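Take a look at the structure below.
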Amino acid sequence: MRFYEFEARQIVERAGIPVTKYGFVTDAAEARKVAADIGGPTVIKSQVLTGGRMKAGGVKFADTPEEAEAHAADILELEIGGHMPKGVLVDPKAQVKQEYYASVVWDGTEKRPMLLFSDMGGIDIEEVAETHPDHVGRAHFSNLIPFSDYQAKQVVAQTGVTGRQLTRIVPILTRLARVFQDGDMTLAEINPLAELEDGSFVALDAHMEMENEARPRQKKLLADLGIGDEETREGHEPTPFEEAVAAIDAADHRGVIQGKDTGFHGNLGLVIGAGGGSLTLTDAVRSQGGKPANYSEIGGNPSVAKACGLAKEVLQKDGVEKIAVMMSIVSNTRVDIVARGVIKACLELGKDPAETIAVFRIPGAWEEEGAKILSKYGVEFNDRTTSMWDAAGEAVEKIPS
């Protein structure tokens, strides 16, 4: 789940990382009061769970409280990337001497957190890493052992930062790494971390993302931020497909299905599962020239109704020509139940299963029964002797180019 900037500011502030004297408001008149309390030029920032605020006009500078109020009124009515703002953050316009970048991200390849630091902040770290790699320091560390100042110092030193700046930055990075560890975060970022004209350091912006599965463990943190159990935090508004799949899943306690199609615009529908297997299969389809229409998860021994519901929603997506039904090796999801579900979906939509199911590759329990069901409708069953890569390739080949 994502946090708004004003929430991320609270998280880093509670961790002992210096921040500016900011205020979060939901009313333009309140923005004027905060700006008056700050007593100088301010920055008015839209609070939305998406990027591109500056380009969209969601960040404006004000010299007076009256100007801050006018800007806040405009921004509160401004939709950015399909999101209406939760409010605005009123921040002093800092006198910055130099901007730095600091973050901790989860490296899925290494299966460990990675600390990143750059003495070139305020811009995308990807751009800095590509054009000025010597200005980026990095190091992986354990998520189980408390992070130390020494580890932070080694990363900062890679960029050539020394002296007083090094001494003041190190504890900030250490606290940021501990926020990541203690808060079950997948991202903890400060950009920019600013050195002010007086030599002090403050976080001028912060971004935090937390594992959704960690919400039960982080109830106190969420309660302190005023985030209720029912509040979801996605980076986009759910599409009709995503809402439909979620409703099907919620209607039946047996097993689980999930569906995402934001950013997918292909012609091959995916009914896939087994956690990492789903990611592997999606990548395998793309790597072999296929165009996925969605991402999905099916598992935990779902009912026929759930398997059918997911398959129907995938088949009804615009542009979908065929579906690929694939999973990694599973032990608790019956092959025959998934087979019944996808066959039922095809028939209810008036489609020939043999022409609609590009590949069916699910090794696991009740394979023989599943194979019989598929055979009855002319669909070939692929067991574990067919690799996930080959199954994905077979599906791609059956889609007309």
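The values are calculated or read from the model by the stated rules, or taken from the named source; none is laboratory data. None of the values given here were measured: they were computed from a predicted structure. Reconstructed Cβ throughout: ideal geometry from the backbone, glycine too, with neighbour counts over all protein chains shown.
Restricting attention to region 281-303 and to residues that are surrounded by fewer than 16 Cβ atoms within 10 Å (Cβ to Cβ) and not polar (S, T, N, Q), the residue that is nearest to the chain's Cα centre (by Cα) turns out to be Asp283. Which one is surrounded by the most Cβ atoms within 10 Å (Cβ to Cβ) among residues in region 257-280 that are among the aliphatic types (A, V, I, L, M) and at pLDDT 90 or above? Top of the filtered list is Ile272. Could you check how many residues of region 53-62 are closer than 14 Å to Ala31 by Cβ and free of Cβ contacts under 8 Å to residues at least 24 places away in the same chain? Residues in region 53-62 being closer than 14 Å to Ala31 by Cβ and free of Cβ contacts under 8 Å to residues at least 24 places away in the same chain: 2 in total. Report yes if some residue within region 131-143 is crowded, with 19+ Cβ neighbours inside 10 Å and within 23 Å of Met1 (Cβ to Cβ); otherwise report no. There is no residue in region 131-143 that is crowded, with 19+ Cβ neighbours inside 10 Å and within 23 Å of Met1 (Cβ to Cβ).
Among the residues here, Thr239 qualifies as among the polar types (S, T, N, Q) and free of Cβ contacts under 8 Å to residues at least 24 places away in the same chain.
Exactly one residue among Ala68, Ala73 is in a helix (DSSP H, G or I), in contact (Cβ under 8 Å) with a residue 40 or more places away in the chain and among the hydrophobic types (A, V, I, L, M, F, W, C), and that residue is Ala73. Checking the stated criteria, Glu30 turns out not to satisfy the condition of being under 29 Å from Arg164 (Cα atoms) and buried (at least 17 other Cβ atoms within 10 Å of the Cβ).
Scanning region 127-176 for residues that are part of a helix (DSSP H, G or I), among the basic types (Lys, Arg) and under 26 Å from the mean Cα position of the chain (by Cα) returns a single hit, Arg175. Only residues that are β-branched (Val, Ile, Thr), out of contact with any Phe, Trp or Tyr (no Cβ under 9 Å at 6 or more places or on another chain) and more than 22 Å from Gly16 (Cα to Cα) were counted in region 128-161, giving 1.
Within region 190-208, being out of contact with any Pro (no Cβ under 9 Å at 6 or more places or on another chain) and part of a strand (DSSP E or B) holds for Ile190, Asn191, Pro192, Leu193, Ala194, Glu195, Leu196, Ala206, His207, Met208. Scan region 31-46 and give yes if some residue there is in a helix (DSSP H, G or I), under 30 Å from Pro238 (Cα atoms) and not assigned by TED's automatic domain parsing to the domain that holds Pro171, otherwise no. No, region 31-46 contains no residue that is in a helix (DSSP H, G or I), under 30 Å from Pro238 (Cα atoms) and not assigned by TED's automatic domain parsing to the domain that holds Pro171. Please verify whether region 87-109 includes one or more residues that are over 26 Å from the mean Cα position of the chain (by Cα), in a helix (DSSP H, G or I) and either among the aromatic types (Phe, Trp, Tyr) or surrounded by 17 or more Cβ atoms within 10 Å (Cβ to Cβ) (or both). No - not one qualifying residue is present in region 87-109.
Condition first: within 21 Å of Gly276 (Cβ to Cβ), in a loop (DSSP other than H, G, I, E, B) and in contact with a strand residue (DSSP E or B) (Cβ under 6 Å, 6 or more places away or on another chain). Can you find one or more residues in region 389-398 that meet it? No, every residue in region 389-398 fails to be within 21 Å of Gly276 (Cβ to Cβ), in a loop (DSSP other than H, G, I, E, B) and in contact with a strand residue (DSSP E or B) (Cβ under 6 Å, 6 or more places away or on another chain). Just the residues that are basic (Lys, Arg) and not in a strand (DSSP E or B), please, taken from region 110-126. Selection gives Lys111 alone.
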